[in-house]
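Participant: One structure, as structure tokens, below. Some questions next.
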Amino acid sequence: MYNLIEIKAWCSDHDSVRTILKSNNADFKGIDHQTDTYFLVPNGRLKLRKGNIENHLIHYHRPDIDGPKNSLVTLYKSDPESSLKALLTKALGIKTVVTKQREIYFIDNVKFHIDIVKSLGTFIEIEAIGKTNDDTEKLREQCTHYMQLLKVQDRDLVTNSYSDMLM
């Protein structure tokens with residue numbers, strides 16, 4: 001389980017974000033074409049991510065609030081060729097599917113996503129990732145620092161997940 005502080009924001013200038021990340025020596029991991037299948041669950045959110053870089057079953061709890069928010073995330077590395085999606089679909093039912101192109105960058109423990117989401121638009125995400133709840137204040141400071149560095153405005157912050165926005 002991971003503890004993270006994250007934000008999601010509308011972003012119309014991906015080039016500026018890329019330039020700032022590169023000038024701060026961000027480690028570019030690549031462009032991932034992701035399909036996130038969200039399942040109907042009684043608690044939190046459960047999605048199966050299939051991509052050319054990241055493939056995980058992800059369960060998380062996150063409040064739908066403005067600004068940096070705390071998320072508790074459990075990851076399970078999955079095989080994109082397995083029958084996991086069919087099994088989960090039969091057992092739980094599909095809530096929605098999110099398709100996106102995602103550029104992935106890291107600076108130390110902070111992960112950055114530059115997203116183009118089908119039917120929604122362009123976004124940036126910042127995730128300051130820790131291992132324990134003891135890290136929360138440090139992670140919040142990191143997230144706030146990078147929001148300022150990347151010129152993320154409060155008016156651009158998104159409270160919901162992409163899945164909620166599509167529904």
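Participant: Could you check how many residues of segment 134-167 are under 16 Å from the mean Cα position of the chain (by Cα), assigned to a helix (DSSP H, G or I) and among the aliphatic types (A, V, I, L, M)?
Facilitator: Total satisfying the criteria: 4.
Participant: Restricting the search to segment 126-152, which residues are acidic (D, E), buried (at least 18 other Cβ atoms within 10 Å of the Cβ) and within 24 Å of S16 (Cβ to Cβ)?
Facilitator: Applying the first criterion (acidic (D, E)) to segment 126-152 yields 127, 134-135, 137, 141.
Within this subset, residues satisfying the condition of being buried (at least 18 other Cβ atoms within 10 Å of the Cβ) are 127, 135.
E127 - this is the single residue of segment 126-152 that is acidic (D, E), buried (at least 18 other Cβ atoms within 10 Å of the Cβ) and within 24 Å of S16 (Cβ to Cβ).
Participant: Still on this structure: I'm trying to understand the selection: among the residues of segment 56-67, which are within 18 Å of S163 (Cα to Cα) and either outside any loop (DSSP other than H, G, I, E, B) or in contact (Cβ under 8 Å) with a residue 40 or more places away in the chain (or both)?
Facilitator: Result: H56, L57, I58, H59, Y60, H61, R62, D64, I65, D66.
Participant: Another question, then. Quick check: anything in segment 68-89 closer than 23 Å to V158 by Cα, of a type in the set (S, T, Y) and in contact (Cβ under 8 Å) with a residue 60 or more places away in the chain?
Facilitator: yes
Participant: Residues of segment 8-51 being acidic (D, E), over 21 Å from Y162 (Cβ atoms) and over 18 Å from the mean Cα position of the chain (by Cα), which ones? Even if it seems obvious, please write down each step before you answer.
Facilitator: To start, the set of residues in segment 8-51 that are acidic (D, E) comprises 13, 15, 27, 32, 36.
Filter once more, keeping what is over 21 Å from Y162 (Cβ atoms): 15, 27.
Selection gives D15 alone.
Participant: Looking at segment 22-43, I want the residues that are at pLDDT 95 or above and have a partner that is assigned to a helix (DSSP H, G or I) with Cβ atoms under 7 Å, at least 6 apart or on another chain. Which pairs are those?
Facilitator: Correct list of pairs: T37/K85; Y38/S163; F39/L88; F39/L92; L40/L92; V41/L92.
Participant: Ok, one more. Considering only strands (runs of 3 or more DSSP E) fully contained in segment 1-55, which possess at least 1 residues that are more than 21 Å from I65 (Cβ to Cβ) and not charged (D, E, K, R)?
Facilitator: Here the list reads 27-39, 45-50.
Participant: Looking at segment 108-117, can you tell me whether even one residue there is more than 15 Å from D36 (Cβ to Cβ), of a type in the set (A, V, I, L, M, F, W, C) and surrounded by fewer than 16 Cβ atoms within 10 Å (Cβ to Cβ)?
Facilitator: Among the residues of segment 108-117, not one is more than 15 Å from D36 (Cβ to Cβ), of a type in the set (A, V, I, L, M, F, W, C) and surrounded by fewer than 16 Cβ atoms within 10 Å (Cβ to Cβ), which makes the answer no.
Participant: So for segment 93-106 (the condition being of a type in the set (G, A, S), outside any helix (DSSP H, G or I) and under 17 Å from G51 (Cα atoms)), does at least one residue qualify?
Facilitator: no
Participant: Among the residues of segment 3-13, is there at least one that is at negative phi and in contact with a His (Cβ under 9 Å, 6 or more places away or on another chain)?
Facilitator: Checked against the condition, which is being at negative phi and in contact with a His (Cβ under 9 Å, 6 or more places away or on another chain), segment 3-13 yields at least one hit.
Participant: List every residue pair whose Cβ atoms sit under 8 Å apart, with the two residues 6 or more apart in sequence or on different chains, where the first one lies in segment 118-147 and is free of Cβ contacts under 8 Å to residues at least 40 places away in the same chain and the second, anywhere, is of a type in the set (S, T, N, Q) and in a strand (DSSP E or B).
Facilitator: Listed pairs, sorted by first residue: K118/T99.
Participant: Anything in segment 68-92 that is assigned to a strand (DSSP E or B) and surrounded by fewer than 14 Cβ atoms within 10 Å (Cβ to Cβ)? List them, or say none.
Facilitator: Y76, K77
The values are calculated or read from the model by the stated rules, or taken from the named source; none is laboratory data. Keep in mind it's a predicted model, so treat the numbers as computed, not measured. Quick reminder, even Gly has a Cβ in these numbers, built from the backbone with ideal geometry, and neighbours come from all protein chains shown.
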